[in-house]
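Worksheet for the structure shown next.
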Amino acid sequence: MNDEAISPNLPLDIITDILSRLPVLQIARCKCVCKPWLELLKSPEFSKLHLPKSSPGLVVYLSLRSSEVLNIFGFEDELELEQHELKYKPVMKFDLPEFVTPLKRVMMIAGSVNGMLCLRLKDHNSQPDDLCICNPITREYVSFPTPEGVIQYPSKVTYGFGVSTVSGQYKAVRIFHESELDQTRACVGIPRSDCHVYTLGTTGTWRSIAPSPPFCYNSYSIGAFVNGNLHWLVGDLRNSHVISCLDLETELFNTFPAPPLPGYWSCLGSLVVLGDCLSVCDNSSENDIVIWIMKDYGVAKSWTKEFVISKLPYLAGECYELVFPIKVFKNGDILMIWGDFHLFYYSNKTKTTSRIGLFELEFIGCIEAMLHVPSFVSLTCFAGENVHSF
């Protein structure tokens with residue numbers, strides 16, 4: 001491809017730079033301009049140039065009565081609007097294909113990195129869950145083989161997805177442990193613990209690595225990815241919290257101290273990334289949601305109680321669901337998701353919380369949401385993977 005094939009007046013590198021700065025939908029439309037532009041916008045060079053310029057948005061999964069839908073939104077972060085719904089600019093919406101949601105299957109989002117979603121596909125009749133990686137912008141997906149091993153009840157399985165800092169390899173992680181429970185349902189022993197890693201574009205199989213120490217993982221949490229590491233808020237057998245950390249480059253575990261929280265068996269804590277910092281959200285109180293921020297990565301003394309948020313009136317006393325903060329806006333507002341029931345936000349101006357009416361909530365079976373950076377990274381770049389389109 002030469003410059004004249006794209007523009008008789010501008011060099012190719014300038015055209016490429018201009019296109020990489022456009023919003024995702026406009027870039028997608030530019031693919032229809034001509035074949036040279038289509039080839040350019042599908043190239044690995046363009047996706048690599050575009051990715052660091054792409055702004056984080058919001059991916060929302062909705063389980064409706066008759067379909068499964070993904071919505072992608074952009075943020076209007078600079079606007080201080082009384083109607084919080086106006087902060088969210090629709091980018092894309094589509095029904096998920098049959099590979100995701102056949103009968104008796106439930107989907108969960110197990111991670112989002114550089115435009116790729118890790119989807120956990122739960123079949124009520126079998127374990128463990130299947131996984132796939134999907135890029136909703138390029139409409140491509142790769143299905144993973146099911147890891148070997150039979151999971152016995154009572155057990156816990158949790159997942160994570162991230163990219164190593166040096167090699168740039170994308171890795172899905174599955175952590176499993178069996179549990180011995182006492183009469184109060186508290187864990188008193190972990191007779192077996194396993195960890196498996198799947199690396200995109202390598203052997204096409206799950207590999208077993210040395211597991212973490214015998215910690216209790218929560219099946220409803222996913223690995224929080226930051227600094228090339230995946231992190232989980234876990235409990236030890238003394239009823240205390242720690243943060244289990246997996247370095248995706250070395251594939252070795254270590255631990256961080258957690259902030260001061262109630263005992264593990266009575267605490268409803270979730271671990272997420274806000275900005276570039278690890279954050280723990282504690283929903284154990286009947287009336288307040290407490291958000292802790294680790295200001296300096298890995299430094300125990302840097303844990304700061306950053307927000308204490310009064311609950312919505314009709315949720316006061318309801319403390320049996322995890323709350324996951326998603327984004328802190330520049331004006332101090334906070335977007336959060338309550339369990340898998342609804343999105344809501346905290347207004348820094350009024351110090352109150354309100355639900356976000358982006359969707360027809362009466363028709364929703366469940367909802368999941370997390371930050372997502374749209375990208376044109378193609379799964380065909382990973383040699384050996386069987387890539388499908390939808």
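Can you tell me which residue within the stretch 162-196, out of those that are in a strand (DSSP E or B) and of a type in the set (Asp, Glu), is surrounded by the fewest Cβ atoms within 10 Å (Cβ to Cβ)?
Checking each candidate, the answer is Glu180.
Under 6 Å by Cβ, and 6 or more places apart or on different chains, what pairs join a residue from the stretch 26-49 that is without any contact (Cβ under 8 Å) to a residue 40 or more places away in the chain with one that is among the polar types (S, T, N, Q)?
Short answer, once both residue conditions are applied: Leu49/Ser20.
Being open to solvent by less than 30 Å² (accessible area, probe 1.4 Å) and under 23 Å from Ile190 (Cα atoms) is the requirement here; does Ser279 meet it?
no
Collect the residues in the stretch 220-244 that are part of a loop (DSSP other than H, G, I, E, B), farther than 14 Å from Arg174 by Cβ and in contact (Cβ under 8 Å) with a residue 12 or more places away in the chain, keeping them in residue-number order.
Tyr220, Asn227, Gly228, Asp236, Leu237, Asn239, Ser240
Anything in the stretch 205-219 that is surrounded by 15 or more Cβ atoms within 10 Å (Cβ to Cβ) and either touching a residue at least 60 places away in the same chain (Cβ under 8 Å) or in contact with a Gly (Cβ under 7 Å, 6 or more places away or on another chain) (or both)? List them, or say none.
Once the filter is applied, which keeps residues that are surrounded by 15 or more Cβ atoms within 10 Å (Cβ to Cβ) and either touching a residue at least 60 places away in the same chain (Cβ under 8 Å) or in contact with a Gly (Cβ under 7 Å, 6 or more places away or on another chain) (or both), the stretch 205-219 yields Trp206, Phe215, Cys216, Tyr217, Asn218.
I need the full set of residues from the stretch 351-375 which are in contact with a Ser or Thr (Cβ under 9 Å, 6 or more places away or on another chain), at pLDDT below 85, closer than 22 Å to Leu117 by Cα and open to solvent by 40 Å² or more (accessible area, probe 1.4 Å), in order please.
Gly365
Counting only residues that are touching a residue at least 40 places away in the same chain (Cβ under 8 Å), open to solvent by 40 Å² or more (accessible area, probe 1.4 Å) and small (Gly, Ala, Ser), how many does the stretch 245-272 have?
Matching residues across the stretch 245-272 total 0.
Can you give me the number of residues within the stretch 8-49 that are surrounded by 14 or more Cβ atoms within 10 Å (Cβ to Cβ) and among the polar types (S, T, N, Q)?
The total comes to 4.
Identify, please: which residue in the stretch 220-232 is among the aliphatic types (A, V, I, L, M) and modelled with pLDDT of 95 or more and is, among those, surrounded by the fewest Cβ atoms within 10 Å (Cβ to Cβ)?
Taking the candidates together, the pick is Val226.
Is it true that Thr138 is at pLDDT 85 or above, out of contact with any Pro (no Cβ under 7 Å at 6 or more places or on another chain), buried (at least 16 other Cβ atoms within 10 Å of the Cβ) and not in a strand (DSSP E or B)?
yes
The values are calculated or read from the model by the stated rules, or taken from the named source; none is laboratory data. This is a predicted model, so every value here is computed, not measured. Every residue, glycine as well, gets a Cβ built from its backbone with ideal geometry; the counts of neighbours run over all protein chains shown. Calculation scope for accessible area: heavy atoms of the full protein, side chains included, ligands and nucleic acids excluded. Shrake-Rupley method; radii C 1.70, N 1.55, O 1.52, S 1.80 Å.
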